[in-house]
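Undergrad: Have a look at the structure that comes next, please.
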Amino acid sequence: MEILLDTQAFIWLCSDDRQLSKTAKKTFLNEKNSFFLSLASIWEMSIKSSLGKLKIRPSLERFILNELQENNIEQLPIHFQHVIKVNSLPFYHRDPFDRLLVAQSQIEEFSILSSDTVFDDYGVKRIW
């Protein structure tokens, strides 16, 4: 299965946070699954880090690159069709990063690993 990681899920998975569900952890540990982190999530983490809302040591860049490599997570680029798809999405959610993740999930036919139930409103397969 191909799975797009929500930003928060990526952070929780990499830090083995208690808020991580058993299903999410089991899915992540299943070697048959392929995982992707959108550049939208990296952008979101960069903004939150620069605002002081996300504290990652030693550096955000090193954290992301190390976790991608160690956990065999691929970067998902943002393509023109992903951005255009956002235009046709209903406004169940106003978060621009999550809306882009929905568009990417729909176009790429990926499931989303996320605790955020708003993804359900968009008809994407959410795992949690």
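The values are calculated or read from the model by the stated rules, or taken from the named source; none is laboratory data. The structure displayed is predicted, hence computed values, not measured ones. Neighbour counts are summed over all protein chains in view; Cβ atoms, including those assigned to glycine, are modelled from backbone coordinates with ideal geometry. Surface areas here come from the heavy atoms of the whole protein model, side chains and all, with no ligands, DNA or RNA. Shrake-Rupley method; radii C 1.70, N 1.55, O 1.52, S 1.80 Å.
Undergrad: With respect to SER15, is the statement that it is in contact with a Lys or Arg (Cβ under 8 Å, 6 or more places away or on another chain) and farther than 19 Å from LYS125 by Cβ true?
TA: No.
Undergrad: Something else now. Considering only residues that are without any contact (Cβ under 8 Å) to a residue 24 or more places away in the chain and on the phi < 0 side of the Ramachandran plot, which ones fall in segment 97-128?
TA: Answer for segment 97-128, where residues must be without any contact (Cβ under 8 Å) to a residue 24 or more places away in the chain and on the phi < 0 side of the Ramachandran plot: ARG99, VAL102, ALA103, GLN106, THR117, ASP120, VAL124, LYS125, ARG126.
Undergrad: Restricting attention to segment 91-128, which residues are open to solvent by 40 Å² or more (accessible area, probe 1.4 Å) and in contact with an Asp or Glu (Cβ under 8 Å, 6 or more places away or on another chain)?
TA: Hits for segment 91-128 are TYR92, HIS93, GLU108, GLU109, SER115, ASP116, ARG126.
Undergrad: As an exercise: evaluate GLU70 against (1) without any contact (Cβ under 8 Å) to a residue 40 or more places away in the chain; (2) open to solvent by less than 80 Å² (accessible area, probe 1.4 Å); (3) among the acidic types (Asp, Glu) and give the number of the one condition it does not meet.
TA: (2)
Undergrad: Out of segment 1-32, which residues are touching a Phe, Trp or Tyr at 6+ places or on another chain (Cβ under 9 Å), loosely packed, with under 14 Cβ neighbours inside 10 Å, assigned to a loop (DSSP other than H, G, I, E, B) and at pLDDT 95 or above?
TA: MET1
Undergrad: Do we have PHE35 as assigned to a helix (DSSP H, G or I) and surrounded by 15 or more Cβ atoms within 10 Å (Cβ to Cβ) here?
TA: No; evaluated as a whole, the condition is false for this residue.
Undergrad: Looking at (1) free of Cβ contacts under 8 Å to residues at least 40 places away in the same chain; (2) surrounded by fewer than 15 Cβ atoms within 10 Å (Cβ to Cβ), which is the only condition SER49 fails?
TA: (2)
Undergrad: Here is a follow-up. Considering only segment 79-88, I want to know if a residue exists there that is among the polar types (S, T, N, Q), touching a strand residue (DSSP E or B) at 6+ places or on another chain (Cβ under 8 Å) and in a helix (DSSP H, G or I).
TA: There is no residue in segment 79-88 that is among the polar types (S, T, N, Q), touching a strand residue (DSSP E or B) at 6+ places or on another chain (Cβ under 8 Å) and in a helix (DSSP H, G or I).
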